[in-house]
Amino acid sequence: MYQLIESIKVLNNRLYNLSYHQKRIQRSVEELYQKKDHSITFNELQREALTLDNKVLYKLRIEYNAEDFKYEFLPYKRREINSLQVIEDQDLDYSLKYNNRDKLLERFNNKGNCDDILFTINGCVTDTYYCNVAFKKNGQWFTPDMPLLPGTKRQKLINELLISPKEIFVEDIPEYEKITLFNAMIEFGEIVFDVGKINLD
C-alpha cells in the first residue's frame, strides 16, 4: 500500500533538514504517481515531536503514497560499521526511497565478515546498504556522482561545499585515505575509517 518511505532525524524536539525531505517526497510523488501533492502533514508531525523526550534521538519513519501516510517515532541507536565488502550489481535501482528493500537486503547478506556492503555498478562506487559515502584525499571529501539514492544529507553537504560529486571507480579506492558514511540519521564524520578496511575482492 505504501510504496515509499522517508526517515527524518528528530532531536531536541526538532525535525532535521525538513526542507530537503519535503523536496524529495514531492519529487518522488511526482515521479511515481504523476501527482503534484502528497498527503503528509508536517505541521502535525512537528507538533507531536514537541511531546517527545528531548534527550533521546528519534527516527521519524514515514510510509506514504500520494493519498495517505502513516508514521512512527522510533528511538534510534546507530550500529557500528568499521568495514565494507564491495558488491558489484548492474541491475540495482533504488533511485526513489522505496519501502521494499528486499533486493538490497539480499546483497547485504553477502557481506561476509564485514559490517556492511559498498555497492558498485559497472565498477563505479555508489552507496552502502543504508548510507551515502564520501572519500577523503588531500584534505578534500568526494562523494560518488551517481549514488543509488541521492540522500538528503548528501545534497545538503554538496550545497554547503563540504563534499564534491566525483566519478569514483572501485580501482580508485586505494588512492584515497578515508571513507565516511552518512545519512539522515548519521552525521557526516560520525563514521570514518581507513579505506584499507574496504574489501575489494
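The values are calculated or read from the model by the stated rules, or taken from the named source; none is laboratory data. Keep in mind that this is a model prediction, so the values were computed, not measured. Counting neighbours? That spans all protein chains shown, and the Cβs are built from the backbone with ideal geometry, glycine included.
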Quiz item: For segment 38-55, what are the residues that are assigned to a loop (DSSP other than H, G, I, E, B) and over 21 Å from the mean Cα position of the chain (by Cα)?
Solution: His38, Ser39, Thr41, Leu50, Thr51, Leu52, Asp53, Asn54, Lys55
Exercise. Can you tell me which residue within segment 123-177, out of those that are under 16 Å from the mean Cα position of the chain (by Cα), assigned to a loop (DSSP other than H, G, I, E, B) and among the aliphatic types (A, V, I, L, M), is farthest from Asp102 (Cα to Cα)?
Key: Ile163
Quiz item: If the Cβ limit is 7 Å and pairs must be 6+ apart or interchain, which residue in segment 89-104 that is within 15 Å of Asp127 (Cβ to Cβ) pairs with which residue that is among the aromatic types (Phe, Trp, Tyr) and surrounded by fewer than 17 Cβ atoms within 10 Å (Cβ to Cβ)?
Solution: Leu104/Tyr94
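If you check Lys103 against the conditions, is it in contact with a strand residue (DSSP E or B) (Cβ under 9 Å, 6 or more places away or on another chain) and either outside any loop (DSSP other than H, G, I, E, B) or closer than 20 Å to Ile62 by Cβ (or both)? Spell out how you get there, then give the answer.
Details: in contact with a strand residue (DSSP E or B) (Cβ under 9 Å, 6 or more places away or on another chain): no; either outside any loop (DSSP other than H, G, I, E, B) or closer than 20 Å to Ile62 by Cβ (or both): yes.
No, not satisfied.
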Quiz item: Is it fair to say Asn17 is in the same structural domain as Thr126 (by TED's automatic domain parsing), under 30 Å from Phe193 (Cα atoms) and polar (S, T, N, Q)?
Solution: no
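Rundown of residues vs (1) modelled with pLDDT of 95 or more; (2) on the phi > 0 side of the Ramachandran plot; (3) exposed (fewer than 13 other Cβ atoms within 10 Å of the Cβ), yes/no style:
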{"position": "Ile5", "(1), (2), (3)": "yes, no, no"}
{"position": "Lys35", "(1), (2), (3)": "no, no, no"}
{"position": "Glu72", "(1), (2), (3)": "yes, no, yes"}
{"position": "Tyr76", "(1), (2), (3)": "yes, no, no"}
{"position": "Gln85", "(1), (2), (3)": "yes, no, no"}
{"position": "Glu88", "(1), (2), (3)": "yes, no, no"}
{"position": "Lys103", "(1), (2), (3)": "no, no, no"}
{"position": "Asn113", "(1), (2), (3)": "yes, no, yes"}
{"position": "Ile117", "(1), (2), (3)": "yes, no, no"}
Practice problem: Among the numbered conditions (1) at pLDDT 95 or above; (2) closer than 21 Å to Glu88 by Cβ, tell me where Met146 comes up short. | Solution: (1)
